[in-house]
Amino acid sequence: MTPNLHLWLIPVLPLIGAAINGLFGKRFSRQAVAAVALTFCGAAVAMALWIALQFSSLTAPLTEYGAPWIRAGNFQADFAFYLDQLSLVMMLVVTGVGFLIHVYAVGYMWEEGGFYRFFSYLNVFMFFMLTLVLANNYLLMFIGWEGVGLASYLLIGFWFTKDSAAAAGKKAFIVNRIGDFGFLIALFLLIKHFGSLNFAEVFQKIAPISPETAGAGLLTAIGLLLMVGAAGKSAQLPLYVWLPDAMEGPTPVSALIHAATMVTAGVYMVARSHVIFDRAPMALTVVAIVGTLTALFAATIGICQTDIKKVLAYSTISQLGYMFLACGVAAYSAGIFHLMTHAFFKGLLFLAAGSVIHAIGGEQDMRKMGGLRDHIPATFWTMTAATFAIAGFPPFAGFFSKDEILWRASQVSLAYWGIGVFTAFLTSFYMFRLWFLTFFGEYRGDQGATQAHGGVHATGSRAGVPAPHGHGGIHESPKIMLLPLAILAILSVMGGWIGAHRFELFLSPVFDSHQTARLVALTSEQAGQITAMEHLEWVFTAVSVAAAVLGLYLAWLLYRGRPQLPQRIADALGGFYHAVANKYYVDELYAILFVKPVVDGSTRILWHAVDQGVIDNSLNDSADAARDVSDSVRHMQSGNLRSYAGWVALGAAGVIAYMIWMGTR
């Protein structure tokens, strides 16, 4: 007998917390708001852990039906939740990392206005994200997909009185809608050709279909459209532009939505749809190419950024590219493994960056930092663990997952591997650049402000000036913010020790068909090359570690050993450096090609409709309208008594008929 694990409680618990704080939080104290948010989010974590303990007793994936939803002919979609190895991993990552970020946010946002509103939004996000990863059909997944987009809009633009934050929220919302358009068309094609959006039913009907190796077909079209949706949500080329601007939101938002959970939704969707992509090699190749180019492109931008959160934003885009590269070479387990470890170290990087910002009065420019390791040692050591993890140093978590992706990519194409290794070198360089600029050397901030106000301090991320009272100089964050840092630091060190092989073995019931489909798409010569290269795995691992070491050395040389070199290099590169520093002017290009024509065109259409359709017709033609009405009414005043009597009789008859009708009701 299949056990009832009450999966529906996992997303519903945060929704209850959101409703309580949203409806009544304005009357609550901050302690009560925090207690509500943490209690219901923590209950979801406890429920997820309990389900994980029960999972081994399941002999097959579990589907729990909540309520009927849509019925239209032979098509039906229900509110139903699905549990297998993949959704279990995602559920644990979302609830676990999400709860730690909730705890951190209590301290970080304590002095901010709209405290209850912020935690209501956070809980709403948790509800939609958990709905997305636990849905048993594409339609319910799409509800969660759109819901996290809405929550992202609310959280990015949380400080809505700040123009840049409001604009960033709108930008994220609009760019995601472009991707969602492709996702929707893919769903329409699934309904038309397979009559269902239920995962099990759709995949069962697709499984017997041979891979479309001869060219593009239906499954290739569906796969490409799904990739469009994934590119929007997971910030891949060319739809990545919303993610760096999203750093306008509070730092806990950056950690929760734009590092650990929401931006990984596209990776999860591609992995969940592996049955489709396995039979569409062309679509799979597009996934790999987009992921590879995105990883490299974003990494090159990251090396020139000076805003600590912007560096991490482009790092996120680059790491998501690695995940898509893994999926594109059909190494889905490796992609999900990196998704999990990335949630640990990138969530930690954002939270530690927030702790740095908190300590020095809201400053985010790394050129105005330096020498902080002695002032905020707990933040320094936890961020150090995350930095070594993302750079790919053993035995940190990022080493295991990134190395597995590079190894699996090398089996398909040495070009993928070569670009991936070079990107790993760039990742190590810009992350240790951040590390050295932030924590080493002399403090380069406003010393005068420090002395005048008795210490640099910020109680929230918006605080742009020192506090009016002393806190002993640059100071460490409170314990409620440091506890999540410590836990994530442990996970950043040990999170990969499970090993890529064991992780792949655990997920094998979900991705059992991917190896066969991948080999079918390869020629016999390529298959022979793979066999010959397998003994070189340790060599490939050594090369990737060497790339990380080289990045560390170059960052030390430029920012510690010879700090005058960066400016000389920038001057020597001239226009190319300025292009990279200005993010290749992609935002400006999009503004010229898309934003301005759409805005100007919409303005012209609106003005034409209002000016000519409303104003002209209501004012300029009002005389003609009045003349026509008065002429019609004038004919009623004929001066003939018989005519007047007829109108009176007709009116009386109407009144009597109405009274009789009312009396018979």
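The values are calculated or read from the model by the stated rules, or taken from the named source; none is laboratory data. Predicted model only: the values in this text are computed from it and were never measured. Virtual Cβ from ideal backbone geometry, glycine too; neighbours counted across all protein chains shown. All accessible areas refer to the heavy atoms of the entire protein, side chains included, with ligands and DNA or RNA removed. Shrake-Rupley method; radii C 1.70, N 1.55, O 1.52, S 1.80 Å.
Let's test this: bin the Cα-Cα distances of the stretch 70-181 at 10 Å from zero up to the farthest pair and state each bin's percent.
In whole percents, the pair-distance histogram is 13, 35, 33, 15, 3, 0.
Any chance you could list the semi-axes, whole Å, largest first, of the equivalent ellipsoid that the Cα gyration tensor gives for the stretch 180-328, using √(5λ)?
31, 16, 11
For PHE79, which sequence-distant residues (separation of 5 or more, or a different chain) have an amide H within less than 5 Å of its own amide H, given hydrogens modelled in the peptide plane?
Distant-sequence amide H within range of PHE79: GLY66, ALA67, TRP69.
If DNA, RNA and ligands are ignored and the probe is 1.4 Å, what is the ranking of HIS274, HIS6, HIS578 by accessible area, most exposed first?
Ranking HIS274, HIS6, HIS578 by accessible area, largest first, yields HIS578, HIS6, HIS274.
Order the peptides 375-383, 427-435 from the highest to the lowest mean number of other Cβ atoms within 10 Å of their residues.
427-435, 375-383
May I ask you to evaluate 6.51 cos²θ - 1.76 cosθ + 1.60, the Karplus curve with θ = phi - 60°, for each residue of the stretch 325-340 and list the ³J(HN,Hα) values in order in whole Hz, giving x for glycine and proline?
After applying 6.51 cos²θ - 1.76 cosθ + 1.60, I find 4, 4, 5, x, 9, 6, 9, 4, 4, 5, x, 6, 4, 5, 4, 5 Hz.
Starting from the exponent 0.38 and prefactor 2.2 Å, build the expected Rg for the stretch 1-136 from its residue count and divide its actual Cα Rg by it.
1.16
Dipole magnitude of the stretch 311-455 about its Cα centre, charges +1 at Lys/Arg Cβ and -1 at Asp/Glu Cβ only, in debye to the nearest 20?
Roughly 160 debye, rounded to the nearest 20.
Quick one: accessible area per residue over the stretch 78-194, 1.4 Å probe, rounded to a whole number of Å²?
Per-residue accessible area for the stretch 78-194 comes out at 29 Å².
Given a 1.4 angstrom probe, I'd like the percentage of the accessible area of the stretch 357-412 that is carbon and sulfur, rounded to a whole number.
57
For the pair VAL595 and LEU58, how long in nm is the line joining their label points, each one 7 Å along Cα→Cβ?
Taking the simple label geometry, VAL595 and LEU58 are separated by 4.4 nm.
Let a ≥ b ≥ c be the square roots of the eigenvalues of the Cα gyration tensor of the stretch 251-291; is it rounded (a/c under 1.5), or, if not, prolate (a/b larger than b/c) or oblate?
Oblate shape, in that a/c is at least 1.5 and b/c is the bigger or equal ratio.
Name the long-range amide H neighbours of ILE474: under 5 Å, sequence gap of 5 or more, or other chain; modelled H, no Pro or chain starts.
VAL456
Against the globular-protein guess of 2.2 N^0.38 Å, express the Cα radius of gyration of the stretch 364-409 as a ratio, rounded to two decimals.
1.51
Subtract the Cα-Cα distance of GLN564 and ASP365 from 0.36 nm times their separation in residues, and report this length gain in nm to one decimal.
69.8 nm
Measure off, as a whole percent, the carbon and sulfur share of the 1.4 Å-probe accessible area of the stretch 78-147, all protein chains present.
After summing per-atom areas, the C and S share lands at 67 percent.
Return, for the Cα atoms of the stretch 253-330, the radius of gyration and Dmax in Å, separated by a comma.
Using the Cα atoms of the stretch 253-330, the pair Rg, Dmax is 13.5, 44 Å.
Straight-line reach only, C-alpha to C-alpha below 23 angstrom: list the lysines that LYS479 could link to, leaving out same-chain residues fewer than 8 apart.
Here the lysines satisfying the reach criterion relative to LYS479 are LYS309, LYS346.
Suppose we take every Cα in the stretch 51-94 and form the convex hull; what volume per residue is that in Å³?
Expressed per residue, the convex hull around the Cα atoms of the stretch 51-94 is 94 Å³.
Can you compute 3J(HN,Hα) from phi for each residue in the stretch 272-284, using the Karplus curve 6.51 cos²θ - 1.76 cosθ + 1.60 with θ = phi - 60°, rounded to whole Hz and x for Gly and Pro?
Along the stretch 272-284, the couplings run 4, 8, 4, 4, 5, 5, 4, 9, 9, x, 5, 5, 5 Hz.
I'd like the Karplus ³J(HN,Hα) series for the stretch 61-78: coefficients 6.51, -1.76, 1.60, θ = phi - 60°, whole numbers in Hz, and an x wherever there's a Gly or Pro.
x, 9, 10, 10, 8, x, 7, x, 10, 10, 10, 8, x, 7, 8, 8, 9, 10
Search the structure for amide H atoms under 5 Å from the amide H of SER234, placed 1.01 Å from N in the peptide plane, and list their residues when 5 or more places away or on another chain.
So SER234 has HN proximity to GLY266.
I need to check one value: relative contact order of the stretch 13-136, counting alpha carbon pairs closer than 8 Å and at least 6 residues apart, in percent.
Relative contact order for the stretch 13-136 comes out at 40 percent.
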